[in-house]
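K.L.:
Attaching a single structure in structure tokens format; questions to follow.
The values are calculated or read from the model by the stated rules, or taken from the named source; none is laboratory data. Predicted, not measured: the structure shown is a model, and the values here were computed from it. No Cβ is skipped: glycine too gets one built from the backbone with ideal geometry, and neighbour counts run over all protein chains shown. Side chains are part of the model used for accessible areas, which takes the heavy atoms of the whole protein and leaves out ligands, DNA and RNA. Shrake-Rupley method; radii C 1.70, N 1.55, O 1.52, S 1.80 Å.
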Amino acid sequence: MGSPVPSVVQAFAIMRALANGRALTLSEIAQTCGISPSSCLGLLRTLVGEGVLSLGEGKRYALAAPWSELAAGDLDRATRLVARARPLLERAARTWGAPVGLWRVTGRDRLQLVALGQSVAATRIHMEEGQRQPIGSGAVGRALAAGQRVSRDELARRFAAVRWQRPISFDDYVDEVHQAVAQGFGVDDGFSYAGIASIAVCLPDETHSLCVSASVFAGSITDQEFADVARGLVELADEIAALDQKQSSPIRKVRS
């Protein structure tokens, strides 16, 4: 993937911010998207001029038809997918005794946990639906970068935005992304969260915007058990992708 065009990335961030149908002011959009008010105003005027947005009462911006209808349909699809994936996440969490999550890319720089299967173990890793983390962080960040085949420059940008709890060099991070490409799953061994080892698999769709993950206490399972969880996550990702295939257009399989 080449270097993204900032104005295009920001325009899509604005559209995502308005996708839930609620009209927002200039300041609300700028704050939500992390864009300076002056730059945001120029983008908003351009999107209004192109018919993507409408400007209504109280100087509030909203998606114009048919963009609003497309966004509503996509949100409904995402909501249905999360609801249908949740039992699979809960089943996997019970099987492995570990929290199993479904993550989604939000904007250019963040990941959000949109569904979670909780572990029933007496001692648990605390995770909450809705939590966010930088896009390069954890096993999810590595799996996502592997699935998207991002450039070294983009990897460097994502790497720099993470507050690592254990030191890791950029070259080692790049090597781990390359390993994720070869293996089909990403691993973070306590670098993002000390004492926590995580595995993640990117769903095999064309957008590479969803990942599943499992997290365990470092050293709490054997290497063979860790490998079994990784293999199970690959199968889980395929299962969830199949759910999306049933409710919408076909998903192109990319795993060999």
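K.L.:
Looking at this structure, is residue 125 closer than 16 Å to residue 192 by Cα and out of contact with any Asp or Glu (no Cβ under 6 Å at 6 or more places or on another chain)?
P.N.:
When the stated conditions are applied, residue 125 passes them.
K.L.:
Only one of (1) on the phi > 0 side of the Ramachandran plot; (2) without any contact (Cβ under 8 Å) to a residue 40 or more places away in the chain; (3) not hydrophobic (A, V, I, L, M, F, W, C) fails for residue 138. Which number is that?
P.N.:
Residue 138 satisfies every listed condition except (2).
K.L.:
Looking at 140, 150, 162, which is the one that is within 20 Å of residue 114 (Cα to Cα) and among the aliphatic types (A, V, I, L, M)?
P.N.:
Just a single option satisfies the conditions, and that option is 140.
K.L.:
Can I ask one more? With the range 1-113 as the region, which helices (runs of 4 or more DSSP H) entirely inside it contain at least 3 residues that are under 19 Å from the mean Cα position of the chain (by Cα) and either at pLDDT below 90 or under 30 Å from residue 230 (Cα atoms) (or both)?
P.N.:
Correct list: 6-17, 67-96.
The rows are residues; the columns are (1) open to solvent by 70 Å² or more (accessible area, probe 1.4 Å); (2) within 15 Å of residue 134 (Cβ to Cβ).
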position: 159; (1), (2): no, yes
position: 170; (1), (2): no, yes
position: 189; (1), (2): yes, no
position: 194; (1), (2): no, no
position: 200; (1), (2): no, yes
position: 212; (1), (2): no, no
position: 219; (1), (2): yes, no
position: 230; (1), (2): no, no
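K.L.:
Checking the structure you have, find out if any residue of the range 177-196 is in contact with a Leu (Cβ under 7 Å, 6 or more places away or on another chain), at pLDDT 95 or above and within 17 Å of residue 229 (Cα to Cα).
P.N.:
Yes, the range 177-196 has at least one match.
K.L.:
On to the next question. Quick check, is residue 205 modelled with pLDDT under 95, under 21 Å from residue 108 (Cα atoms), open to solvent by less than 40 Å² (accessible area, probe 1.4 Å) and of a type in the set (Asp, Glu)?
P.N.:
So residue 205 passes the test.
K.L.:
Could you check how many residues of the range 121-135 are open to solvent by 30 Å² or more (accessible area, probe 1.4 Å) and closer than 10 Å to residue 98 by Cβ?
P.N.:
Residues meeting the conditions: 2.
K.L.:
For the range 114-140, give me each residue that is over 18 Å from residue 236 (Cα atoms) and assigned to a helix (DSSP H, G or I).
P.N.:
The one that is over 18 Å from residue 236 (Cα atoms) and assigned to a helix (DSSP H, G or I): 138.
K.L.:
Please specify each residue of the range 155-181 satisfying the condition of being free of Cβ contacts under 8 Å to residues at least 40 places away in the same chain, of a type in the set (A, V, I, L, M, F, W, C) and assigned to a loop (DSSP other than H, G, I, E, B).
P.N.:
162, 164, 168
K.L.:
While we're on this one: Enumerate the pairs (first residue in the range 183-198 and in a loop (DSSP other than H, G, I, E, B); second residue anywhere and of a type in the set (D, E, K, R)) with beta-carbon separation below 7 Å, excluding pairs fewer than 6 apart on the same chain, so at least 6 apart or on different chains.
P.N.:
Listed by first residue and then by second, the contacts come to 184/255; 190/166; 191/166; 194/166.
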